[in-house]
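A.B. asks: Here it is, the structure in full.
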Amino acid sequence: MCKNIIRLLIFSVYSFQFTYAAPINSIALKNGCRIVQKPSTFFTPTAFSAKIDAWSVYGLQDESEKTGWCSGAASKVPYVFVFELSEDFSIKKLVFNTRCQKEYKLISAKDIKVEYSTTSAKTGFVSPGTYALKQDTINSFEFVPVKARWVKLTILSNHGNPQWTELMEFEAWGDFVNPAAVTPPIIGVWNSDFDWVSINKAPDGLIYGCYKWANGEVYLKNQNRKQFSFNWTQKDDGQHGWCVLTMNKEGTKMSGIWGINNDTTTFGHWEFTRIQSTPYKCGNDLTASKKILEPAKVDPKINVLIEVVDKVSNKAIPGTIEMYTFDKFYKVPSGDGEYTADISVCNYVVVKTFLPNYFPTIDTFGISESEKKVLYVSRIVPVEKLKAGNIILLQNLLFARTSAELSPLSYPILDQLVLVMNQYPSMIIELSGHTDNVGSAKQNLLLSKKRVDAAKQYLVNKGVNPDRIKSVGYGSKYPVASNDGEQTRKLNRRVELRIIMM
C-alpha cells in the first residue's frame, strides 16, 4: 500500500521571497535548525510525509499553532530538547505557545529552563533562564542578548495533568552574530532522507541538479545568504513542488522544508549531509541553462472528509489520522474532529485512527462513481473510549473455519491492541470469545476459549505481560443477533475486549 509513501518529496522549492529583517526565529525549521536531542514523544516524525506530524518534535518548530509536541506514554519530567542552530545567533527573545488541547486539562508546560552554548550540543551551556508559563496563551520573554549555537530547552513541570505534557511552539528570536558571513559552496553531492542529490552550476551561473528518487531535477529559484529555494520536478511520476534549505556555517549540512505543487501552507521537513564537493553527472547537464519548468498537469483530486466521533457522546474528536490509497499515504491533522484531504481519485480509501484515550480503528471505505463525479466523499468513524468497564468489539479478528487458528487478516487489529497495551502500561483487559449456536454447545464453548487463548498468545509473543490479559470463552451463551439466518448469525461469532483497569 502506498508505493513508499510520498517519497516523491526530494527537492523542491516554490518561489519564496526571503529577506532577513532581524530578528530571526533561529529555531524555525525553514531557518535550518536541527534537533539533536529530544525527549519521549507521543508521535514519531514521519520522514516521508509532506506534513509536519502533530505531537512530534517538529511540531515545536513549524511556526504553526495547529501542531505541537506532546510527551510520550508513561514518560515523566524533565523533558530535554537540544536545538542546533544553523550558525551563531544573538538570542534576545523567547516565545512559548501554550494554547494546547482544551479537552486535556492542565496539560501545557509550566516551569521551563533555557540554556545556551557555543561549544557543543552536550557541553558549555550557560546563562540559564527559568520561566513560568501561563496556560492557553503566547508567553513572550525579552532579555539581554545571549550568544548561542545550541539552545537547550528543559520542561520541568506542567500545570497538573498526571499523564501528558504539551507545548505547541517554541521560538528563539535573535540576530546573526556574523551577518556578513561567506556562504559555503552548495555544489556537490548531498545525502538526504530520499537518497543522494547532486547540485551543479551551469556556465551561465544557473544552479541546478538531479536526484535519484523518481528521476528528479532541481532548479534554483532564489538565494538569500545561506538560504536556497528550489523548484523540483520528477520524470518518473510527474510530481513537482518546492523546497527551502538553509546551510549551516560549516557547509556540511542543510536543513529545511518542502512541499508539493504550489501549496506553501503545508510542508514536510528533511535534512541533507554533504558527501563530496564534486557533483555527479546529471541528465539535465546539457539542458539546464535552457530549461523552463512548466507547471505539471494537476490530476483531479477528490476531497475526502472524515468525521471522527465519540461512539457514546457523538462528540467530534480532534487529533491526527492516517489515510491510505493504493499508492499514497496521507497524515491528516484536525483541530475540530473533521479531517479533510484532497487525494487522487481512487476506488477506496483506508482510514486509520490512533487518538489519545481512544481505541484505534482501521476502516476501508469504497468510493462510488457518483462520489468520483462530484469529487467529494464524506464518512463518519465512531471511536470508543479507553475506559474501565467499556466493551469493544474487535472487528476483523478472524479464525479459520471451526478452528482456533488465527487468520493473517487478524494481525493488524492485534498489532493495534499491542500498541495500546504498550501505551497504557497499567491497562488490564479481558478477551471474551463468542460463537453462534450451530453444533454442540460444549464444543462451541471449548472453541471460543481456544480462540481467545490464541489471540492472547499472539499478544504475549509481542511482549505483553500475560498477567494483564484474562481470556474467557462463552460459546453461544451471549448472542447479539438472531441465529435464524447466516447474515445475522455471523454477528454472533466474535471476540470482544473488556477493559478491566486503565
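What follows draws every value from the coordinates through simple rules; no lab data is involved. For clarity, every value in this text was computed on a predicted model and none was experimentally measured. When we count neighbours, we look across all protein chains shown, and the Cβ atoms used for this are built from the backbone with ideal geometry, even at glycine.
A.B. asks: Of the options Gln101, Val350, Val418, report the single residue whose Cα projects farthest towards the positive end of the charge dipole of the chain (beta-carbon charges: Lys, Arg +1; Asp, Glu -1).
C.D. replies: Val418
A.B. asks: How much of the DSSP beta bridge set in the chain is antiparallel, as a percent to the nearest 5?
C.D. replies: Values: 123 of 138 bridges.
Taking every DSSP beta bridge within the chain, about 90 percent pair in antiparallel fashion.
A.B. asks: Kindly write out, for region 138-153 in residue order, the coupling ³J(HN,Hα) from the Karplus curve 6.51 cos²θ - 1.76 cosθ + 1.60 (θ = phi - 60°), rounded to whole Hz, with x marking Gly and Pro.
C.D. replies: Result, rounded to whole Hz: 9, 8, 10, 9, 10, 7, 5, x, 10, 6, 8, 10, 10, 10, 9, 10.
A.B. asks: Still on this structure: Put +1 on the Cβ of each Lys and Arg and -1 on the Cβ of each Asp and Glu in the chain; which of Phe228, Asn390, Trp55 then has its Cα farthest toward the positive end of the dipole?
C.D. replies: Result: Asn390, furthest along the dipole toward the positive end.
A.B. asks: Still on this structure, I have one more. Going by how many other beta carbons lie within 10 Å of each one, how would you line up Ser407, Ser86, fewest first? Intermediate results must be reported in sequence, preceding the final value.
C.D. replies: On the way: Ser407 13, Ser86 24.
With the fewest neighbours first, Ser407, Ser86 line up as Ser407, Ser86.
A.B. asks: In which sequence would Leu94, Leu167 go, from the one with the fewest C-beta neighbours within 10 Å to the one with the most? Could you put the intermediate results ahead of the total?
C.D. replies: Values: Leu94 22, Leu167 25.
Arranged by neighbour count, lowest to highest, Leu94, Leu167 become Leu94, Leu167.
A.B. asks: Which whole-angstrom value gives the distance between the alpha carbon centres of region 468-495 and region 369-383?
C.D. replies: Between the Cα centre of region 468-495 and that of region 369-383, the gap is 32 Å.
A.B. asks: Size of the dipole of the chain about the Cα centre, Lys and Arg at +1 and Asp and Glu at -1 on the beta carbon, nothing else charged, in debye to 20?
C.D. replies: Numbers: 59 positive and 48 negative charges, 196 e Å.
That gives a dipole near 940 debye.
A.B. asks: Tell me whether region 188-288 comes out rounded, prolate or oblate; compute the Cα gyration tensor, take square roots of the eigenvalues as a ≥ b ≥ c, and use a/c under 1.5 as the rounded threshold. Provide the component values of the computation, followed by the final result.
C.D. replies: Details: a/c = 1.33, a/b = 1.03, b/c = 1.28.
Rounded is the answer for region 188-288, as its axis ratio a/c remains below 1.5.
A.B. asks: Along the charge dipole of region 188-288, pointing to its positive end and built from +1/-1 on Cβ of Lys, Arg, Asp and Glu, which listed residue (Thr252, Leu286, Asn215) has its Cα farthest out?
C.D. replies: Thr252
A.B. asks: Relative contact order (percent) for the chain, with alpha-carbon contacts under 8 angstrom and 6 or more residues of separation?
C.D. replies: Values: 1279 pairs, mean separation 68.0, N = 502.
Reported relative contact order: 14 percent.
A.B. asks: Give the aspartates and glutamates whose C-alpha is closer than 16 Å to that of Lys352, dropping any in the same chain fewer than 8 places away, or say none.
C.D. replies: Straight-line reach from Lys352, under 16 Å: Asp53, Glu307, Asp310, Glu322, Asp327, Glu338, Asp363, Glu384, Asp415.
A.B. asks: Which of Lys226/Lys249; Lys93/Lys226; Lys105/Lys331; Lys315/Lys385; Lys93/Lys147; Lys76/Lys113 have a Cα-Cα distance over 19 Å?
C.D. replies: Checking Cα-Cα distances, Lys93/Lys226; Lys105/Lys331 exceed 19 Å.
A.B. asks: While we're looking at this one, here's another question. Quick check: from the Cα gyration tensor, does region 345-406 come out rounded (a/c under 1.5), prolate or oblate? Don't skip to the end; give the middle numbers.
C.D. replies: Working: a/c = 3.51, a/b = 1.46, b/c = 2.40.
In terms of gyration-tensor shape, oblate.
A.B. asks: Where nothing but the Cβ of Lys and Arg (+1) and of Asp and Glu (-1) is charged, how large is the charge dipole of region 70-204 around its Cα centre, in debye to the nearest 20?
C.D. replies: Details: 14 positive and 15 negative charges, 110 e Å.
Using only the charged Cβ atoms, the result is roughly 540 debye.
A.B. asks: In degrees between 0 and 90, to the nearest 10, how far off the longest principal axis of the chain does helix 441-461 point, with axes built from Cα atoms?
C.D. replies: With rounding to tens, the tilt is 20 degrees.
A.B. asks: Checking the cross-link filter: which aspartates and glutamates have an alpha carbon closer than 14 Å to that of Lys92, excluding same-chain neighbours under 8 positions apart?
C.D. replies: Answer for Lys92, where 14 Å is the Cα cut-off: Glu115, Glu142, Glu171, Asp175, listed by chain and number.
A.B. asks: Can you bin region 301-383 into rounded, prolate or oblate? Criterion: square roots of the alpha carbon gyration tensor eigenvalues sorted a ≥ b ≥ c, rounded for a/c under 1.5, prolate for a/b above b/c, oblate for the rest.
C.D. replies: Details: a/c = 1.98, a/b = 1.72, b/c = 1.15.
The shape class here is prolate.
A.B. asks: Assigning unit charges at the beta carbon (Lys, Arg +1; Asp, Glu -1) and nothing else, what dipole magnitude in debye, to the nearest 20, does region 337-402 show about its Cα centre? Mind showing how you got there, number by number?
C.D. replies: Details: 7 positive and 6 negative charges, 47 e Å.
For region 337-402, the charge dipole is close to 220 debye.
A.B. asks: Under the √(5λ) rule applied to the eigenvalues of the Cα gyration tensor, what semi-axes describe the equivalent ellipsoid of the chain? Give them in Å, descending. Present the calculation step by step, with values, prior to reporting the outcome.
C.D. replies: Details: eigenvalues 444, 178, 71 Å².
That gives 47, 30, 19 Å for the three semi-axes.
A.B. asks: Okay, moving on. Which three numbers, in whole Å and largest first, are the semi-axes of the equivalent ellipsoid of region 21-176 derived from its Cα gyration tensor as √(5λ)?
C.D. replies: Values: eigenvalues 107, 59, 44 Å².
Listed largest to smallest, the semi-axes of region 21-176 are 23, 17, 15 Å.
A.B. asks: For the chain, take the longest principal axis of its alpha carbons; what is the angle in degrees between that and the long axis of helix 411-423, to the nearest 10 within 0 to 90?
C.D. replies: Tilt relative to the chain: about 70 degrees.
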